[in-house]
Amino acid sequence: MKSTQYLDQNAITWRQLISASLVILGCAACSGGSGGTSSSSNASGGAGSSSGNGNTGGTTAPAGTGSGAPSTVGDVLTYHNDPARTGQYLAETTLTPANVNPTEFGKVAFLAADGKVDAQPLYAGNVPVSGAAHNVVYVVTEHASVYAFDADTHVQLWHRSLLGSGETTSDDRHCGQITPEIGITSTPVIDRTRGTAGILYAVAMSKDAGGGIHQRLHALDLSTGAEMLGGPTEIAATYPGTGANSSNGVTVFDPQQYAEREALTLVNGNVYLAWTSHCDQGTYGGWVMAYSADTLSQTGALNLTPNGTEGSVWMSGAGMASDGAFLYLLDANGTFDTTLTAQGFPAGGDYGNAFLKLSTSPTLAVADYFATFDTVAQSSADADLGSGGALVLPDLVDANGTARHLAVGAGKDSKIYVVNRDAMGKFNPSANLIWQEIDGQLSGGVFGMPAYYNKVVYFGSVGDNLKAFPETSALLATTPTSHSAGTFPYPGTTPSISANGAANAIVWAAENGAVGALHAFNASDLGQELYNSNQSGTRDTFGAGNKFITPMIAHGHVYVGTTNGVAVFGLLK
């Protein structure tokens, strides 16, 4: 999923979040929703469904009781705060538009680490460590390390390497997208109901003494970093097909050809992984896998291009989104079969460059999809959707009073696509038959995620301003109602939002470049920049930007991954 246009440059718990969102933001938690298409936008659904809990219960083997530790209201246990990937943190009681300014707010600490932090940090409150309760920030690095830091004192509580004996991190596989080493790239996911204190799931890539490449799924105790559930599990998979790396009608997952870039997803007792290539090099397909959160055993594997090539899952680090029943993702350039079955699905089962809906039960499979009318030409030009991430919108009601279940995403073609999750539109060679398409409003490609808060979707494309698109009657505005004064260089920005319910909303955005920056904007008017980390000389700077980092807000602080650790921002003493 390399870009030919842009070169590489140097919570609350889910149920609590949803409850707060529904009560405070006025989202209608309607089930169902009719199919069909519309010339307009938006939808109801996943973010309004408590069944989307990324922290479902269960028992653990053999090291824990399954009781876990009690979650705190401010936990951030998964990428972009919830399985819908809204990016909204609604339990922020300290930071407000009034006190986030260069006088009162700035860098308060730096959490030093042994490599690049490409994954979003995570936060868990009230974790028992060495006999005392701590609020903990979890950080992973490309040197294959996992760190636990005290969120209040910034002291390192523990550190664990996920490399096997005699192993090193992987080289960059002759690709500058993740460099100079590949260790832990994707954002882990935390389940506080398993084990005695909760479990952090992470994927690490390594190289053994003989040059062999390994991909492994780990389950770590939140209190100690110890391996749990008999892990780690060596990742392997096969799937029927005659496509890339196949033999005798079976495709085989080759660990050296892939990186686990997209954030891990935990839904209904399974951890979901998806894999990207190294700069579109070599022979590869589009793999998605499921592993039991109880046992680390594989429960499903799917090749999205089983009879073709390419079609990897990149999404600039964004995790697959979920409405509690299905997974949603944007697949990168690859084979797409324009010959369709009677049901409108690709006859060869190849879904390169498509907006996909995956069923998770009884099997991992494509349940529905949308592909642009020019999807084959887009893949040939490396202008695919797969550079961006999918966001499941909360239940929204259209002008006729019908609940709509929608998702939104955008990629390299700079168009915003809103799909009806009940009838996504499939492929038509003449037109895009989807709920809403917005053209001409993003000046660059999208290499990240939008965010959602209080009926507004925020996008930050390459070389563009951060822009706000409000929703009315299940449709996004066709032009932004506000935007930042400044623009964001490649890869643009993935915004995150802090608020105390419906009050004090702030949009946070990280800027890449030789000198990185953290920006804060008034969520109701992006033209009002409250703060940026380069306003006060070197006091708040943190070095070069880190390409795909997403700010994480928790407990009065904002965390920004860097090339050698995590910069921590908060109120100055």
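Annotations
- Segment 374-403: number of residues that are in a loop (DSSP other than H, G, I, E, B) and of a type outside the set (A, V, I, L, M): 10
- Any hit, segment 233-246, residues being within 22 Å of the chain's Cα centre (by Cα) and more than 18 Å from PHE548 (Cα to Cα): yes
- The residues of segment 106-140 that are more than 18 Å from ALA554 (Cα to Cα) and either crowded, with 17+ Cβ neighbours inside 10 Å or of a type in the set (Phe, Trp, Tyr) (or both), listed by number, are ALA113, GLY115, LYS116, ASP118, VAL129.
- ALA209 being surrounded by fewer than 24 Cβ atoms within 10 Å (Cβ to Cβ) and modelled with pLDDT under 95: no
- Residue check for PHE542: under 20 Å from TYR147 (Cβ atoms), at pLDDT 95 or above, of a type in the set (Phe, Trp, Tyr) and in contact with a Gly (Cβ under 7 Å, 6 or more places away or on another chain): yes
- Residues that are in contact with a Ser or Thr (Cβ under 7 Å, 6 or more places away or on another chain) and closer than 17 Å to ILE434 by Cβ, drawn from segment 363-385: ALA367, PHE373, GLN378
- Any chance GLY411 is within 30 Å of THR338 (Cβ to Cβ) and at pLDDT 95 or above: yes
- Note on segment 543-573: among residues that are among the small types (Gly, Ala, Ser) and surrounded by fewer than 22 Cβ atoms within 10 Å (Cβ to Cβ), the one that is nearest to ILE497 (Cα to Cα) is GLY556.
- The condition of being of a type in the set (A, V, I, L, M, F, W, C), at pLDDT 95 or above and out of contact with any Phe, Trp or Tyr (no Cβ under 9 Å at 6 or more places or on another chain) holds for only one of LEU391, LEU396, that being LEU396.
- Residue satisfying all of: in segment 156-178; buried (at least 16 other Cβ atoms within 10 Å of the Cβ) and among the polar types (S, T, N, Q); farthest from SER206 (Cα to Cα) among these: GLN177
- Of all the listed residues (GLU227, GLU260), the sole one being acidic (Asp, Glu), closer than 30 Å to PRO128 by Cβ and under 21 Å from the mean Cα position of the chain (by Cα) is GLU260.
- Tally, over segment 314-372, of residues that are in a strand (DSSP E or B) and either aliphatic (A, V, I, L, M) or within 18 Å of the chain's Cα centre (by Cα) (or both): 15
- Residues in segment 297-320 that are of a type in the set (A, V, I, L, M) and either surrounded by fewer than 24 Cβ atoms within 10 Å (Cβ to Cβ) or on the phi < 0 side of the Ramachandran plot (or both): ALA301, LEU302, LEU304, VAL313, ALA318, MET320.
- Scan of segment 66-120 for residues that are more than 16 Å from GLY501 (Cβ to Cβ), in contact with a Gly (Cβ under 9 Å, 6 or more places away or on another chain) and not in a loop (DSSP other than H, G, I, E, B), ordered by number: TYR79, HIS80, PHE105, GLY106, LYS107, VAL108, ALA109, PHE110, LEU111, ALA112
The values are calculated or read from the model by the stated rules, or taken from the named source; none is laboratory data. Computed from a predicted model, the values in this text were never measured in an experiment. All Cβ positions, even for glycine, are placed from backbone atoms using ideal geometry, and neighbour counts span all protein chains on display.
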